[in-house]
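What follows is a set of notes on a single structure, which appears directly below.
The values are calculated or read from the model by the stated rules, or taken from the named source; none is laboratory data. Since we're looking at a predicted model, the values are computed, not measured. Please note: Cβ atoms are built from the backbone with ideal geometry, for glycine as well, and neighbour counts cover all protein chains shown.
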Amino acid sequence: MNINLQISKELNILEKQVFNVINLLKDGGTVPFISRYRKELTGELDEVAILSIKNLMEKYEELEKRKISILKSLEENNFLTKELNDKIEKTLLIAELEDLYLPYKPKRKTRGVKAREEGLEPLSENILKGKDLLLDSFLTENIKTHQEALNGAKDIIAEMINEDHQVRSVLREKFNKKSVLSSTVIKGKTEEAEKFKDYFSYSESINKIPSHRLLAILRGVSEGFLKFSINIDEDDANYYAKQKYAKGVHSKIIEEAIEDGYKRLLQPSLETEIKNYYKFQADSIAIDVFKENLKNLLLSPPLGEKIVLAIDPGLRTGSKVVVLDRYGTLLENTLIKPLQPHNLIDESTKVIKRICEKHKVEFITIGNGTGGREMETFIQSLNLNIPIVMTNEAGASIYSASQCARDEFPNLDLTVRGAISIGRRLMDPLAELVKIDPKSIGVGQYQHDVDQKLLKESLVETVESCVNSVGVEINSASKELLSFVSGLNMNNAKNIIDYRASIGGFKSRSEILKVKGIGQKAFEQSAGFLRVRNSKNILDSSAVHPERYQLVEKIAKDNNVDVKTLIEDEKVRKSIDIKKYISEDVGLPTLKDIFIELSKPGRDPRQKFEMFEFDKGINDIKDLTCGITIPGIVTNVTAFGAFVDIGVHQDGLVHISQLSNNFVSDPSTVVKTGDKVTVKVLEVDIKRRRISLSMKN
């Protein structure tokens, strides 16, 4: 099998591009590095295309391994013919491959196997060929009647048809096109299964059912509230097999064998296969939604280097307050109790005013959990003339109890760590969120129901993509952030931090090579994504890769300027004909990238931070009335709509039908996580804490 050719056909790209990408991957290249610094070889393929090539390469390599294993088994057992070998070599689908192998696969003791052991195979052949049955000749100590002999022969025929590659192929296509998924509630579970009531008596074509609906049904099944089946019309299912086999004087017997084989063997097998196929499709869609939400959250605009006072609000135990310097270092922490049931307003006021004055606080952020809006009201009443920002605290408690948090702050209370996380999340969402398991951030859809291995791999890829697209300041990054840099892992990250501490900080990119475990390959893959601020070489703080420093220096020298002037003087850059510097190693794409980077070296690609305020008069779900229009922030986008935080401790849902005046098939084309929106309240169910919103004009 020519894997490169097959991938190029599937992705509609040149075989040469696939060949080069696969070679780069096998040479240890990472997806971010290849897409950014090897554009000439890839034909400027982006990360999505390179990742698709990587995934297909792995898929077809696994298929090839399975083919080799099957061919070896067939040859060892003298089953391999040229025709069978050719069919196996040509197949591209694992299901078809397994169908071809099924008749020769070592079997457990099935009814058909037992019938063969009783010597009934010749009887099954007589039935299929329309010969005299000669039933008396098949009676034995174990087969005492004609009917027992016929039943055994029918078991053999049923298994033979079940193993017929053509029958399975036709049926598989029918299941894909015509099968219906039906679900019902398990008897006696109606009250417990209330949240699944939409699926108590439900049916829909499997190829039309939305992914989130399928996952909801399967969750109901796994929780023991629903049962389901996937089937097609039985006459239609058996039509092809009967046309092929049910002929001659014994057609009635053959039809009975076909019907039994379908119910007992084919239908359960294909139901499982189709369920797994559509479950995989649903998982992929749910994971794509999660990835997009996570990406938008990780790339949220950072506040940047400001002195921040962060509050993790609490009622019974009080609210934790921390102050962080411009680099996120803890300066002070304390406890205030201005909220119910304590109401220590005067005392809390003095504490906040003292801290703000002492540390020259520039921003105040408050976690949006329980007591968040009440705390915001209290801080606003102090008239500090300091901007106040509500920060989504999802996952902060997970971080505060993690090994990462214990390593950072071994002597601090959990709640203090949580407040630090809230403050740092405002300053740099990406740097802080990489410390938290993405599944705990609250931006997924059925994340606990999808394939966990696939989910983890996809989310790690998303985090890596975001980290490398922004770049990492090596002298201030945490080991968690560094571990996501192209070419690095957690061990490398720990070694970098240890070396950083021993030398008082990196002075240049080239020093990275002195770190234990960082060889030439790791340096090649990571250097372009690591920044060294205040290095003697100004390019060390940019995304220009060290392998191109000599080229940049040559361009500067050719134009009678130094590199600093080349960066700072736009007129000089515009006067240069970059095509003059195209060579065997460097093409126009790389040269364009270099000049774009020289125009904004090391600049954060994320959008600029903008202030946002909830409606001051809306703090609780009871404050909502139908028809009012209020501001909100999109917290999660799903296949069926978007959830919006409107400042009442309960996100509202903008159903897909309410996202726009125009038809919307995919919510992510209209909104993304972190968007600031204006919504209208359509319905409020205080008892079930459900809020229905609209974004229609």
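Which pairs have Cβ atoms under 7 Å, sit 6 or more apart or on different chains, and link a residue in the range 314-326 that is at negative phi to one that is surrounded by 15 or more Cβ atoms within 10 Å (Cβ to Cβ) and acidic (Asp, Glu)?
SER319/ASP312; LYS320/ASP312
For the range 101-112, which positions are without any contact (Cβ under 8 Å) to a residue 12 or more places away in the chain and under 22 Å from GLU148 (Cβ atoms)?
LYS107, ARG108, LYS109
If you scan the range 473-510, which residues turn out to be over 20 Å from ALA405 (Cβ atoms), free of Cβ contacts under 8 Å to residues at least 12 places away in the same chain and part of a helix (DSSP H, G or I)?
Result: SER502, ILE503.
So, restricting to strands (runs of 3 or more DSSP E) that lie completely within the range 576-682, which ones have at least 1 residues that are surrounded by fewer than 13 Cβ atoms within 10 Å (Cβ to Cβ)?
Filter on the range 576-682 gives 629-638.
Kindly provide the set of residues from the range 152-172 that are over 14 Å from LEU123 (Cα atoms) and outside any loop (DSSP other than H, G, I, E, B), ordered by number.
GLU159, ILE161, ASN162, HIS165, GLN166, VAL167, ARG168, SER169, VAL170, LEU171, ARG172
Residue check, LEU331 against (1) in a helix (DSSP H, G or I); (2) in contact with a His (Cβ under 7 Å, 6 or more places away or on another chain), all met but one. Which one?
It fails just one condition, (1).
In the range 356-429, which helices (runs of 4 or more DSSP H) lie fully inside it and hold 3 or more residues that are touching a strand residue (DSSP E or B) at 6+ places or on another chain (Cβ under 9 Å) and aliphatic (A, V, I, L, M)?
414-427
Could you say which residue among LEU226, LEU181, LEU215 is surrounded by 13 or more Cβ atoms within 10 Å (Cβ to Cβ) and either closer than 30 Å to ALA158 by Cα or of a type outside the set (A, V, I, L, M) (or both)?
Of the residues listed, the single one that is surrounded by 13 or more Cβ atoms within 10 Å (Cβ to Cβ) and either closer than 30 Å to ALA158 by Cα or of a type outside the set (A, V, I, L, M) (or both) is LEU181.
Would you tally the residues in the range 212-236 being assigned to a helix (DSSP H, G or I) and either polar (S, T, N, Q) or in contact with a helix residue (DSSP H, G or I) (Cβ under 6 Å, 6 or more places away or on another chain) (or both)?
Within the range 212-236, residues that are assigned to a helix (DSSP H, G or I) and either polar (S, T, N, Q) or in contact with a helix residue (DSSP H, G or I) (Cβ under 6 Å, 6 or more places away or on another chain) (or both) number 5.
Residue under question is ARG316, and the condition is that it be surrounded by fewer than 20 Cβ atoms within 10 Å (Cβ to Cβ) and in a helix (DSSP H, G or I); does it hold?
Judged against the criteria, ARG316 is not a match.
Give me the pairs: first residue in the range 536-551 and part of a loop (DSSP other than H, G, I, E, B), second residue of a type in the set (Gly, Ala, Ser), beta-carbon distance under 7 Å, and six or more apart or on different chains, which are they?
Close Cβ pairs (under 7 Å, with a partner that is of a type in the set (Gly, Ala, Ser)) amount to LYS536/SER508; ASN537/SER508; SER542/GLY602; ALA543/GLY471; ALA543/GLY528; HIS545/ALA527; HIS545/GLY528.
Restricting attention to the range 495-507, which residues are hydroxyl-bearing (Ser, Thr, Tyr) and under 35 Å from the mean Cα position of the chain (by Cα)?
TYR499, the sole residue that qualifies.
Quick one: in the range 255-281, which of the residues that are among the aliphatic types (A, V, I, L, M) and under 19 Å from ASP155 (Cβ atoms) is surrounded by the fewest Cβ atoms within 10 Å (Cβ to Cβ)?
My answer is LEU265.
Which condition breaks for LEU344 when tested against (1) over 23 Å from PHE409 (Cα atoms); (2) within 29 Å of the chain's Cα centre (by Cα)?
If we test LEU344 against (1) over 23 Å from PHE409 (Cα atoms); (2) within 29 Å of the chain's Cα centre (by Cα), just (2) comes out false.
In the range 359-389, what count of residues is obtained for those that are touching a Leu at 6+ places or on another chain (Cβ under 9 Å), farther than 18 Å from PHE612 by Cα and without any contact (Cβ under 8 Å) to a residue 60 or more places away in the chain?
Matching residues across the range 359-389 total 3.
Return only the number of the condition from (1) at pLDDT below 95; (2) assigned to a helix (DSSP H, G or I); (3) surrounded by fewer than 23 Cβ atoms within 10 Å (Cβ to Cβ) that VAL289 does not satisfy.
With respect to (1) at pLDDT below 95; (2) assigned to a helix (DSSP H, G or I); (3) surrounded by fewer than 23 Cβ atoms within 10 Å (Cβ to Cβ), VAL289 is out only on (3).
Can you name the residue in the range 552-565 that is in a helix (DSSP H, G or I) and among the β-branched types (Val, Ile, Thr) and, of all such residues, is farthest from LYS521 (Cα to Cα)?
In this case the residue turns out to be THR565.
Could you tell me which of the residues ASN142, ASN151 is free of Cβ contacts under 8 Å to residues at least 60 places away in the same chain and within 16 Å of TYR262 (Cα to Cα)?
Matching residue, one of ASN142, ASN151: ASN151.
Conditions tested, residue by residue: (1) farther than 30 Å from SER211 by Cα; (2) assigned by TED's automatic domain parsing to the domain that holds ARG533.
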position	(1), (2)
ASP558	yes, yes
ILE578	yes, yes
GLU584	yes, yes
ASP593	yes, yes
PHE612	yes, no
GLY632	no, no
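Please determine whether any residue of the range 455-472 is modelled with pLDDT of 95 or more, surrounded by fewer than 23 Cβ atoms within 10 Å (Cβ to Cβ) and part of a loop (DSSP other than H, G, I, E, B).
Yes, the range 455-472 has at least one match.
Testing GLU98 on (1) in contact (Cβ under 8 Å) with a residue 12 or more places away in the chain; (2) surrounded by 13 or more Cβ atoms within 10 Å (Cβ to Cβ), one condition comes back false. Which one is that?
(1)
Can you pull out every residue in the range 579-609 that is among the basic types (Lys, Arg), in contact with a helix residue (DSSP H, G or I) (Cβ under 8 Å, 6 or more places away or on another chain) and in contact (Cβ under 8 Å) with a residue 60 or more places away in the chain?
If the condition is that a residue be among the basic types (Lys, Arg), in contact with a helix residue (DSSP H, G or I) (Cβ under 8 Å, 6 or more places away or on another chain) and in contact (Cβ under 8 Å) with a residue 60 or more places away in the chain, then ARG606 is the only one that fits.
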